[in-house]
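What follows is a set of notes on a single structure, which appears directly below.
The values are calculated or read from the model by the stated rules, or taken from the named source; none is laboratory data. Predicted, not measured: the structure shown is a model, and the values here were computed from it. Quick reminder, even Gly has a Cβ in these numbers, built from the backbone with ideal geometry, and neighbours come from all protein chains shown.
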Amino acid sequence: MENPSKADPRTVAWVDDTVALIDQKALPQVQRSIRCRTVERVADAIADLEVRGAPAIGVAAAMGVALAAHTSTASELPVLLAELHAAADMLRATRPTAVNLAWAVDQVLSAAVAADGVDGVRSATLERAQTLADDDVDRCHAIGANGGPLLSHASNVITHCNAGALATVEYGTALGVIRAAHDRHPDLHVWVDETRPVLQGARLTSYELTRDGVANTLIADGAAASVIARGDVDAAVVGADRIAANGDVANKIGTYALALACHYHEIPFYVAAPLSTVDLDTPDGRSIPIEERSPDEITRVGDTHLTLPGQSVHNPAFDVTPAGLVTAVITEAGVLRAPYRTSLAQAFA
Ligand code: MRU
């Protein structure tokens, strides 16, 4: 079977004046691509999780702004720029937690503002979005190279959600580290948390790992602590949606519980993320906005209703792991350790 991290099309790409996305809601049963022809369609794809994962939604949103510039009929520069700011606002509102999205949109907007004339804006926005996509690939490979050696003595690692090729442009952050470690010792085995309620682990991470030839075993999220307790996990590696200036980490709901179990059992808990996920303007985890998603994600499985109508539901998509539970943050700039306020700031410097 082909390896999705190396042979598949990029998770997000600009193809024939459209934004092409791998349809992550259809995987792993159906492999197909979505062609977005309008920025509204890109925003819907992000909100509906057809494309998901912090770096991937950042690049998708960046290309969405470029698409807005390409599809606009504006012939006056101020009109075009006003349209792009409106498109940017719409994209930013789709998902609030992953800072990569707002960061990438702002990058493309600044390219637009600095460009000359409407044609200049059209080419500058696309060029910047393409650069962000290429950079993301480079960042992920650097994260893998920096983090792989941390797992050199690990036989079993655990991961939560999907921070793989599908959550980035290609290769992945947490799965980039795991891929790099697996290249060095191919007997590495991965415990994959299923990741309730949207099941990114069951549907996407096990798919990527299996197709890459990495041994993996799927477990219910609630099984993770007991698998760790019986000594079958040497390290945890997860991705991040936003890392605050003090090192607190927002990631998929359930990450905090995994970090607590690792801490109790003295297992290293690594967070792998590009610096585009670090938000020095957010002082700590309490300031990170946590996306609340539809109750349907919990009360239904497919078309089957699990609860009585009107069931009260709380469905936060992310939680915050305090910096004190994080052994290291693996970035493209190196492996950062506590105190994170200092090491994260230095990484930017
Ligand atoms: O809701 P999702 O699927 O977008 O959540 C994704 C995660 O939480 C990932 O772990 C995170 O974005 C890092 S992806 C490299």
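Here is the figure for the range 134-173: residues that are of a type in the set (A, V, I, L, M), within 14 Å of the ligand (Cβ to nearest atom) and touching a helix residue (DSSP H, G or I) at 6+ places or on another chain (Cβ under 7 Å) total 7. If you go through the range 93-106 and keep only what is over 19 Å from residue 167 (Cβ atoms) and either within 15 Å of the ligand (Cβ to nearest atom) or part of a helix (DSSP H, G or I) (or both), you end up with just 106. When 321, 282, 327, 299 are screened for being touching a Leu at 6+ places or on another chain (Cβ under 7 Å) and in contact (Cβ under 8 Å) with a residue 12 or more places away in the chain, only 299 passes.
What residue, of 224, 215, 229, is in contact (Cβ under 8 Å) with a residue 60 or more places away in the chain, away from the ligand (no atom under 13 Å from the Cβ) and either out of contact with any helix residue (DSSP H, G or I) (no Cβ under 6 Å at 6 or more places or on another chain) or under 25 Å from residue 314 (Cβ atoms) (or both)? Before the answer, list the steps.
Details: 215 fails: in contact (Cβ under 8 Å) with a residue 60 or more places away in the chain; 229 fails: in contact (Cβ under 8 Å) with a residue 60 or more places away in the chain.
Every option except 224 fails the conditions.
Among the candidates 205, 173, 195, the residue that is at positive phi, buried (at least 19 other Cβ atoms within 10 Å of the Cβ) and either within 19 Å of the chain's Cα centre (by Cα) or of a type in the set (A, V, I, L, M, F, W, C) (or both) is uniquely 195. The set of residues in the range 174-194 being more than 16 Å from the ligand (Cβ to nearest atom) and of a type in the set (Gly, Ala, Ser) consists of 181 alone.
Does residue 258 satisfy the criteria of being modelled with pLDDT of 95 or more, outside any helix (DSSP H, G or I) and either closer than 20 Å to residue 298 by Cα or not charged (D, E, K, R) (or both)? Considered against the rule, which asks whether it is modelled with pLDDT of 95 or more, outside any helix (DSSP H, G or I) and either closer than 20 Å to residue 298 by Cα or not charged (D, E, K, R) (or both), residue 258 comes out as no. Determine whether residue 114 is small (Gly, Ala, Ser) and more than 26 Å from residue 320 (Cα to Cα). The answer is yes for residue 114.
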